[in-house]
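> Just dropping this structure here.
The values are calculated or read from the model by the stated rules, or taken from the named source; none is laboratory data. Note that the structure is predicted; figures quoted are calculated from it, not measured. Cβ atoms come from the backbone with ideal geometry, glycine included; neighbour counts cover every protein chain shown. Ligands, DNA and RNA are stripped out before the accessible areas are found, and what is left, the full protein with its side chains, is counted by its heavy atoms. Shrake-Rupley method; radii C 1.70, N 1.55, O 1.52, S 1.80 Å.
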Amino acid sequence: MSALVGILRLWRGGTPVVPLPDLWRLAGVPLLAILAFLFAWSRVSATVETSLGQIPGPVAVWRQAGNLWAEHQAERGRAAVFYERQAQRNARLRADNPRAAVTNLTYTGKPTYLDQIVTSLKTVFAGFLLASLAAVPLGILCGLSKTINAGMNPFIQIFRPVSPLAWLPIVTMMVSATYVSADPIFQKSFINSAITVSLCSLWPTLINTALGVSSIDRDLMNVARVLRLKWTTTLFKVIVPASLPLIFTGLRLSLGVGWMVLIAAEMLAQNPGLGKFVWDEFQNGSSDSLGRIMVAVFTIGIIGFLLDRVMLALHQLVDFGSRR
Amino acid sequence: MSAFIDVHRISKSFAARREARHVLRDVSLQVERGEFVSILGAMGSGKSTLLSILAGLTAPDAGRVTIDGAQVTGIRRDAAVVFQNYSLLPWFTALENVRLAVDAALPDLTKDEQRAQAQRALEQVGLGNAIHRRPSQLSGGMRQRVAIARAFATKPQILFLDEPFGALDALTRETVQQDLARLCAAVDRPVTTVMITNNVEEAILLSDAIVPIVAGPPATLGTPIPVALPRPRSIAQLAHGEEATLVRAHVVATLTAALGRPRRHGTVRLKADPTI
């Protein structure tokens, strides 16, 4: 970010806030590295032939990104036309007979690439929220009591390394057995992937929260004791604020894990998201598929990076530790 | 009739790697109601352990502490503690830090009264216009003033001070000391105070009696040295006054005599020199 600011200042003829050597390191080197990567990629991809044709180079992938955007626009256009026709028809019906029964249908088109990104984000946040709601209180309990921590530890150690691919069948069967509703608010596939995401992403938050609470400054605990604070006051005004930096470190790691796990979960659960997009393209096997999957790879990477930045900013908001 | 604060032959040791490390052995101390007593000794002599036992934060291995006739088993409602490193909550403003103490100690007051009392306490230490600042926005001296305001805001009967000026530079230290002396003198009823310090001047400036702590660990207490100087005292007066000079000489002599003496088990008893 600071590099960007520096470049902007240079551009406008001002003095750069960032000294030139730093600017080179912060912006020049990464830019060069990206260019070198793109160059190498396009050279290598030109030499590899598959049964589906050439491996797509940067240009082909960029074109596919454009196609996906165009498809999205076209689909939105069709939806707009549909709604307009429906409105016209309803208006006509009402004009003939003010008491005519009009129906308002929602447009059911194929989800576009952008729809799928939105679904993925919703799923990951649902799973992440679920995980945080469980992990933060549990982590606080583990941090407060050595006994509880000792009791929880084997489960943390055993379940933490389990892959989402192992959780998903279990989750799917459990959800199918228990979530029976004629008019479900959430689709089963959405719930399956969200729960799988939370099962995999709750561990970093749990471990870091427990660490934050157990490593709280002894002086602060002494203050709570000499002020004779009630335990609820101690918890919410001393313990939780003191461990917020580590809790947020955990949340940041959890969201990263969750986003990574989501794609795998969506692929298997057939939840309409980026994972399903990748899977469908893989099954489709057209000459465009490879390029489209590569677009998805970059999308996943960039969104993951942005999520991490947001969490980092939140983390810095609550970090009082160094400013005592 | 025993003293207001009566420490009777307490011992404390901490488990070190193999053997128990004696920090305090057979320590006794009497403090009368309303008295300001300083426990003066070098770093690492077990002073802080003694204070935390008095305050009820730590339990002694042997012996007992009674305050106003009741044995100390936990933190007393009418006691306040000021720590060396301020110990303010960094996520709260000065006012919120003081209010935490007021709200906990006086839950019967209304919110407005609690707020007013906290604000008054901050005004008394000269921080009336900094009440909405966080500790990170305050200087070291201001932070310790907030900590002192927090201690006085609940109108305690007993005050325990653990090297309250230890983290301050010499110039700031002086002004905060004056503030503390003023607060101790200004309250309606006398506050019984035990202060831990390693600074002779500070002890003379504030105390009614100085108890040297010698040859720790395990630490034992020397005979209390009375400081019969008129109040209010000032640093300048202490620097040149004859009486103050005598007290200083006595204290320093006691401490250095103890340092030069070979370590023996049991209590080291030091007699006050009647000629001083």
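> When Rg is the radius of gyration of the Cα atoms in the range B:166-206 and Rh is its Kirkwood radius, what does Rg/Rh come to?
Details: Rg = 10.8 Å, Rh = 11.1 Å.
Reported Rg/Rh (Cα atoms, Kirkwood Rh): 0.97.
> I'd like the mean, over residues of B:127-135, of how many other protein chain beta carbons sit within 10 Å of each residue's own Cβ. Could the numbers behind the result be given before it?
Values: counts 0, 0, 0, 0, 0, 0, 0, 3, 3.
The mean count of partner-chain Cβ atoms within 10 Å per residue comes to 1.
> Can you give the average number of partner chain beta-carbon atoms within 10 Å of each beta-carbon in peptide A:291-299, as a whole number? Let's see the in-between values first.
Values: counts 0, 0, 0, 0, 0, 0, 0, 0, 0.
So the per-residue partner count for this stretch is 0.
> Charges at C-beta only: +1 for Lys and Arg, -1 for Asp and Glu. How large is the resulting dipole of the protein assembly as shown about its Cα centre, in Debye rounded to 20? All intermediate terms of the calculation are to be shown ahead of the outcome.
Working: 60 positive and 42 negative charges, 57 e Å.
Using only the charged Cβ atoms, the result is roughly 280 debye.
> Okay, next question. Compute the separation of the alpha-carbon centres of the range A:33-56 and the range A:273-295 and state it in Å as a whole number.
Computed from Cα coordinates, the inter-centre distance equals 18 Å.
> Based on alpha-carbon atoms only, what is the radius of gyration of the range B:17-78 relative to the globular estimate 2.2 N^0.38 Å? Each step should come with its number before you reach the end.
Values: Rg = 12.8 Å, N = 62, 2.2 N^0.38 = 10.6 Å.
Cα-based Rg divided by the globular estimate yields 1.21.
> Quick check: convex hull over the Cα atoms of the range A:128-183, volume per residue in Å³, rounded to an integer? Could you put the intermediate results ahead of the total?
On the way: hull volume 6.7 nm³, N = 56.
Taking only Cα atoms, the range A:128-183 has a hull volume of 120 Å³ per residue.
> Then there is this: Cβ under 15 Å from B:Ser38's Cβ, B:Ser38 left aside: what net charge do those residues give with Lys, Arg +1 and Asp, Glu -1?
Around B:Ser38, the surrounding residues sum to -2.
> Now, a different point. How far apart, in nm, are two points set 7 Å out from the Cα along the Cα-to-Cβ line at A:Arg89 and at A:Ser51?
4.4 nm
> Okay, moving on. Plugging the Kirkwood radius over Cα pairs into Stokes-Einstein for chain B, at a temperature of 10 °C and a viscosity of 1.306 mPa s, what D comes out in µm²/s?
Working: Rh = 19.5 Å.
Rounded, D is 82 µm²/s.
> How big, in percent, is the set of alpha carbon pairs in the range A:148-242 lying more than 16 Å apart? Mind showing how you got there, number by number?
Numbers: 3019 of 4465 pairs.
Of the Cα pairs, 68 percent sit more than 16 Å apart.
> May I ask you to order B:32-39, A:251-258, A:78-85 by the average number of other C-beta atoms within 10 Å around their residues, highest value first? Intermediate results must be reported in sequence, preceding the final value.
Values: B:32-39: 20.8, A:251-258: 23.0, A:78-85: 12.4.
Final packing ranking: A:251-258, B:32-39, A:78-85.
> Additional query: Please identify, among A:Gly139, A:Gly304, A:Gly28, the residue showing maximal mean-square fluctuation in a Gaussian network model of chain A using a 10 angstrom Cα cutoff.
A:Gly28
> Say we join alpha carbon atoms closer than 10 Å with springs in a Gaussian network model of chain B; which of B:Arg233, B:Arg248, B:Arg173 then has the biggest fluctuation?
B:Arg233
> Quick check on chain B: helices-only [θ] at 222 nm, where DSSP H runs of length 4 and up contribute -39,500 (n - 2.57) each and the sum goes over total residues. Nearest 500, please. If you can, show how the numbers build up before the last one.
Numbers: 8 runs with 97 residues, N = 276.
Mean residue ellipticity, 222 nm, calculated: -11000 deg cm²/dmol.
> Where in the range B:78-120 does the amide nitrogen come within less than 17 Å of the point 7 Å from the Cα of A:Asp219, taken along Cα to Cβ?
Answer for this model: B:81-94, B:97-98.
> Let me ask something else about it. Residue separation times 0.36 nm, minus the C-alpha to C-alpha distance between B:Thr73 and B:Ala15: what's the value? Working shown, then result.
Numbers: separation 58, 0.36 × 58 = 20.88 nm, distance 2.15 nm.
Gain on stretching B:Thr73 to B:Ala15: 18.7 nm.
> When 1/r is averaged over all different Cα pairs and the result inverted, which Kirkwood radius in Å belongs to the range A:165-324?
Details: mean 1/r = 0.0541 Å⁻¹.
After inverting the pairwise mean of 1/r, the radius is 18.5 Å.
> I would also like to ask the following. Computed over the Cα atoms of the range B:23-120, what is the convex hull's projected area averaged over all directions, in nm²?
Values: hull surface 33.3 nm².
It is 8.3 nm².
> Chains A and B: buried accessible surface, both sides, probe 1.4 Å, rounded to 100 Å²?
Working: alone 20260 and 13830 Å², together 32150 Å².
Rounded to the nearest hundred, the buried surface is 1900 Å².
> Okay, next question. Give me the one-decimal nm value for the distance between modelled label points at A:Leu105 and A:Arg43, 7 Å along each residue's Cα-to-Cβ direction.
Label at A:Leu105, label at A:Arg43, 5.6 nm between them.
> Once the Cβ-Cβ distance between B:Ala236 and B:Ala3 is put in as r, and R0 is 30 Å, what FRET efficiency do you end up with, to the nearest 0.05? Intermediate values should be presented prior to the final figure.
Values: r = 33 Å, r/R0 = 1.11.
Approximately 0.35, to the nearest 0.05.
> DSSP H helices in chain B with Cα extent of 18 Å or more along the helix axis and mean Kyte-Doolittle hydropathy at least 0.5?
Values: long enough: B:111-124 (20 Å, -2.01); B:140-153 (19 Å, 0.20); B:170-186 (24 Å, 0.05); B:242-260 (27 Å, 0.83).
In chain B, the long hydrophobic H runs are B:242-260.
> What is the set of long-range amide H partners of B:Ile225 at a cut-off below 5 Å, with H atoms built 1.01 Å from backbone N?
The list, which skips near neighbours in sequence, is B:Ile210, B:Val211.
> Taking 7 Å along the Cα-to-C-beta vector as the label spot, tell me the A:Ser176-B:Thr110 distance in nanometres, rounded to one decimal.
6.4 nm
> Going through the DSSP H helices of chain A, which span 24 Å or more along their own axis at the Cα atoms while scoring at least 1.6 as a mean Kyte-Doolittle hydropathy? Mind dumping the intermediate values first?
Values: long enough: A:29-47 (28 Å, 1.66); A:58-96 (57 Å, -0.92); A:113-144 (46 Å, 1.54); A:188-214 (38 Å, 0.97); A:240-269 (40 Å, 1.55); A:289-318 (44 Å, 1.62).
Membrane-span-like by this criterion, though nothing is claimed about a membrane: A:29-47, A:289-318.
> Multiply the residue gap between A:Phe155 and A:Val59 by 0.36 nm, knock off their C-alpha separation, and tell me the result in nm, one decimal place. Can you show the working numbers first?
Working: separation 96, 0.36 × 96 = 34.56 nm, distance 4.80 nm.
29.8 nm is the gain from fully extending A:Phe155 to A:Val59.
> Another one. Could you work out how much longer the chain between A:Trp231 and A:Ser287 gets when fully extended? Use 0.36 nm per residue separation minus the Cα distance between them, nm to one decimal.
Values: separation 56, 0.36 × 56 = 20.16 nm, distance 6.41 nm.
Stretched out fully, the A:Trp231 to A:Ser287 stretch lengthens by 13.8 nm.
> Still on this model: Kirkwood hydrodynamic radius, the range A:28-185, all distinct C-alpha pairs: what's the number in Å? Intermediate values should be presented prior to the final figure.
Working: mean 1/r = 0.0441 Å⁻¹.
By the Kirkwood definition, the hydrodynamic radius is 22.7 Å.
> Provide A:Asp280, A:Asp183 ordered by accessible surface of protein heavy atoms (probe 1.4 Å), highest first.
On the way: A:Asp280 60, A:Asp183 125 Å².
Solvent-accessible surface, decreasing: A:Asp183, A:Asp280.
> Ignoring solvent entirely, what values of log10 I(q)/I(0) come out of the Debye formula for the range B:213-255 at 0.29, 0.30 Å⁻¹ when each Cα is a single scatterer?
-1.02, -1.06
> For a quick check: with amide H placed at 1.01 Å from N, whose amide H comes under 5 Å from B:Val23's, ignoring anything fewer than 5 positions away on the same chain?
Hits under the 5 Å cutoff: B:Lys12, B:Ser13, B:Phe14.
> Moving on to the next point. Is it possible to state the helix-based mean residue ellipticity at 222 nm for chain A, with each DSSP H run of 4+ residues giving -39500 (n - 2.57), the sum divided by total residues, to the nearest 500 deg cm²/dmol? What is it?
Numbers: 12 runs with 240 residues, N = 324.
After summing the helix terms and dividing by the residues of chain A, the value is -25500 deg cm²/dmol.
> Could you check what % of the DSSP bridge pairs in the protein assembly as shown are antiparallel, to the nearest 5? Display every interim value, and only then the final one.
Details: 21 of 40 bridges.
DSSP beta bridges in the protein assembly as shown are roughly 50 percent antiparallel.
> What is the dipole size for chain B, taken about its Cα centre, with +1 at each Lys and Arg Cβ and -1 at each Asp and Glu Cβ, in debye to the nearest 20? Can you show the working numbers first?
Working: 32 positive and 26 negative charges, 159 e Å.
Its charge dipole is roughly 760 debye.
> Could I get the Rg over Rh figure for the range B:118-204? Both from C-alpha atoms, Rh via Kirkwood, rounded to two places. Don't skip to the end; give the middle numbers.
Values: Rg = 12.5 Å, Rh = 13.3 Å.
Answer for the range B:118-204: 0.94.
> In terms of solvent-accessible area of protein heavy atoms at a 1.4 angstrom probe, what is the ranking of A:Lys276, B:Lys111, highest value first? Could the numbers behind the result be given before it?
Working: A:Lys276 45, B:Lys111 140 Å².
Largest accessible area first, the residues go B:Lys111, A:Lys276.
> Of the heavy-atom accessible surface of chain B (probe 1.4 angstrom), what whole percent is carbon and sulfur? Walk me through the intermediate numbers first.
Numbers: 6680 of 12870 Å².
Ligands and nucleic acids excluded, carbon and sulfur reach 52 percent.
> Sticking with this structure for a sec: Can you work out the accessible area per residue across the protein assembly as shown, with the rest of the protein chains kept in place, probe 1.4 Å, in square angstrom?
Details: 32150 Å² over 600 residues.
Heavy-atom accessible area per residue stands at 54 Å².
> So for the range A:176-228, what are the equivalent ellipsoid semi-axes in whole Å, largest first, each being the square root of 5 times an eigenvalue of the Cα gyration tensor? List each step's numbers first, then the result.
Details: eigenvalues 362, 41, 9 Å².
Working through the eigenvalues yields semi-axes of 43, 14, 7 Å.
> Same structure, new question: Considering the alpha-carbon set of the range A:236-324 alone, what are its Rg and its Dmax in angstrom?
According to the Cα coordinates of the range A:236-324, Rg and Dmax are 18.1, 60 Å.
> Could you tell me what percent of the DSSP beta bridges with both partners in chain B are antiparallel, to the nearest 5?
50 percent
> Over the protein assembly as shown, with a single point scatterer placed on each C-alpha, what log10 of the ratio I(q)/I(0) does the Debye formula yield at q = 0.06, 0.09 1/Å?
-0.55, -0.89
> Principal axis extents for chain A, Cα atoms only, whole Å, descending order, please.
77, 65, 46
> What residues of the range A:290-304 lie in the reach of a label at A:Ala74, counting those whose backbone N is under 19 Å from a point 7 Å from the Cα along Cα→Cβ?
A:290-293, A:295-296
> Enter the mean number of other protein chain beta carbons within 10 Å of the beta carbon of each residue in A:217-224, as an integer.
Details: counts 3, 1, 6, 4, 1, 8, 11, 4.
For peptide A:217-224, the averaged partner shielding equals 5.
> Further question: Using only the heavy atoms of the protein chains and a 1.4 Å probe, how would A:Trp62, B:Trp91, A:Trp24 rank by accessible area, largest first?
Numbers: A:Trp62 195, B:Trp91 25, A:Trp24 145 Å².
So the residues, ranked largest to smallest area, are A:Trp62, A:Trp24, B:Trp91.
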